[in-house]
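Have a look at the structure below, then the notes.
None of the figures in this text is laboratory data; all of them are computed from the coordinates on show. Keep in mind it's a predicted model, so treat the numbers as computed, not measured.
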Amino acid sequence: MRSESEVLFEDNPFSIPVADRVRRLPPYLFGTINKRKYQLRVAGVDVIDLGMGNPTDPPDQQIVQKIEESLADPRNHRYSVSNGIGNLRKEVAARYMKRYGVRLDANDEVLACLGSKEGFSHMCLAMMGPGDTAIVPAPSFPIHVYSVMLASGNVIALDVRDPEKFLRNIAYTCEHLVPKPKLVVVNFPHNPSSTVVEQDFFVELVRLAKKHHFLVISDFAYADVCFDGYKAPSFLSTPGALDVGIELTSMSKSYSMAGWRIGFCCGNREMVRALATIKGYYDYGIFQPIQIAAIVAMRHCDHAIDEMATEYQSRRDALCDGLRRIGWNPIVPKAGMFVWTEIPEPWRKMGSIDFAMKLLNEGGVAVSPGRGFGPEGEGFLRLAIVENSQRLRQAVRQIDRCLSVGSSDRAETTSPDAA
Ligand SMILES: Cc1ncc(COP(=O)(O)O)c(C=O)c1O
């Protein structure tokens, strides 16, 4: 019988002549887990879903009220502008000034995107082509790899968990690769490992970018989800950053607006213009009521960001404390929406995909296997802190129970949390 991991890696089943760029993509690694999650739910199992960084909390009421109001205005139902309406871009520029001291020209250095993921993907299409190489962080948020591949570029994935070593490896790659990498992708706070950096990281990155003539995309999706007083630095607030790169921000996590699909690309005006050019062909902009409500969010709802971060911090503590009580050794994140943890020794050899399947089938808890983020993620799991603390504690109990079955000594050391 084939293991779950073999099933997950089987060939894409196209019987029509789809384009090579589609055929070359590996099967979606989380697809089988998602399918199983759905089957269990249909069968009435209350799956605790820590698989995806998809916020379960609603946006602030003021934001919801504003979109309702805007919906009632017939002028807001036409195509919008693909760059984003002027007042929205001005609000983003004002926010960068207020939070990071970065002066942006709202006309040429700010662009609205249908979520930062869309901005990232189309920016890769705008910058990369055959023969171009991008350095991306590993373990990798899949779109960082596959957007480059879809744009016909080559990927070099460098381990990001030690940021200083990551920088040294970028420098080494630039010194030895011919032609040199064209693009470096950074993502701090990092998904999935939650690695964070301080401003000096970006100072060195800008220095390297100028020396080796590469461009930078900073994926700053978790800018506002920071804990214990840590403040994630913006790449753009580094002197010289506007000469070499752009930064993507998102309303998805900061304001719990993931389904709304709104984010921003800011920074180097040539890169912004290249993305605007692609988007001018591909889309007609974000639904205008969403843009209007996003202005209200940024103008009036900073308290919502802070409350959200406090809530995520207590969830992080609930999950990490619980996991430690059952003998795991999670890395306690300073930011982001994930706990990245090594699979405990007795089960590590199973591989992360089969282990995640076991937790789902036998424990009713969905998590993401580290292997889904590339070979560097093997041996790890990513748990999203998207459920409330009580559900997270319940998840730990269910994990403990499922792993205790058939292991008498573990059964005797059931966590103090167990019901
Ligand atoms: C690192 C990273 N970038 C981008 C995104 C997507 O954000 P958005 O909803 O703005 O497209 C995610 C979502 O999980 C993410 O983890």
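Pick from Gly377, Gly101, Gly245: which is most flexible by mean-square fluctuation in a GNM of the chain where alpha carbon atoms under 10 Å apart are linked?
Sorting by GNM fluctuation, first place goes to Gly101.
Would you compute, from DSSP H runs of 4+ residues alone, the mean residue ellipticity of the chain at 222 nm, taking -39500 (n - 2.57) per run and dividing by the full residue count, rounded to the nearest 500?
-13500 deg cm²/dmol
At a threshold of 8 angstrom on Cα-Cα distance, excluding pairs fewer than six apart, so keeping six or more, what relative contact order does the range 76-300 reach in percent?
Rounded, it is 29 percent for the range 76-300.
How much of the DSSP bridge set in the chain is antiparallel, in percent, rounded to the nearest 5?
Taking every DSSP beta bridge within the chain, about 50 percent pair in antiparallel fashion.
What is the range 243-322's relative contact order, in percent, from Cα pairs under 8 angstrom and six or more apart in sequence?
Taking the mean separation of contacting Cα pairs over the length of the range 243-322, I get 27 percent.
What shape does the chain have by the C-alpha gyration tensor, where a ≥ b ≥ c are the square roots of the eigenvalues, rounded means a/c under 1.5, and otherwise prolate means a/b greater than b/c and oblate the rest?
Note, shape of the chain comes out prolate.
Which whole-number percent of Cα pairs in the range 76-300 have a distance greater than 21 Å?
The answer is 51 percent, as a whole percent.
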